[in-house]
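*Asks:* Dropping a structure here in structure tokens format, bear with me for questions.
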Amino acid sequence: MYRRHCCEWKACTQNTLTQPFFWGVNMDEKCFKNHSTFNPDRFLDNEGKIKIKYHHLSFGKGKEHVLEKV
């Protein structure tokens, strides 16, 4: 759950708890090509190291990332 901090978007009031719709984002071809294909390599660089330019919230946020423990 996340708290809304921004005051520009008025659809919900400040401090409202929200939950992102991970499935919808993960199934969007604009975000992930071939989204229904299991491909862990999409998270690895050419040397086999984890490459994530942003927080992939489906795996959690912060030091407890699942991929970081692999």
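*Asks:* From the set of residues in region 16-25 that are surrounded by 10 or more Cβ atoms within 10 Å (Cβ to Cβ) and farther than 18 Å from Ile52 by Cβ, which is nearest to the chain's Cα centre (by Cα)?
*Replies:* Selected residue: Thr18.
*Asks:* Same structure again: Please specify each residue of region 19-58 satisfying the condition of being outside any loop (DSSP other than H, G, I, E, B) and at pLDDT 75 or above. Before the answer, list the steps.
*Replies:* Pass one, region 19-58, residues outside any loop (DSSP other than H, G, I, E, B): 22-26, 40-44, 50, 57-58.
Within region 19-58, Phe22, Trp23, Gly24, Val25, Asn26, Pro40, Asp41, Arg42, Phe43, Leu44, Ile50 meet the criteria.
*Asks:* Report every pair of residues separated by at least 6 positions or lying on different chains whose Cβ atoms are under 8 Å apart, first residue within region 26-37 and without any contact (Cβ under 8 Å) to a residue 60 or more places away in the chain and surrounded by 10 or more Cβ atoms within 10 Å (Cβ to Cβ), second part of a helix (DSSP H, G or I) and hydroxyl-bearing (Ser, Thr, Tyr).
*Replies:* Listed pairs, sorted by first residue: Asn26/Ser58.
The values are calculated or read from the model by the stated rules, or taken from the named source; none is laboratory data. Every value quoted in this text rests on a predicted model; they were computed, and no experiment measured them. Neighbour counts run over all protein chains shown; Cβ positions are idealised from the backbone, glycine included.
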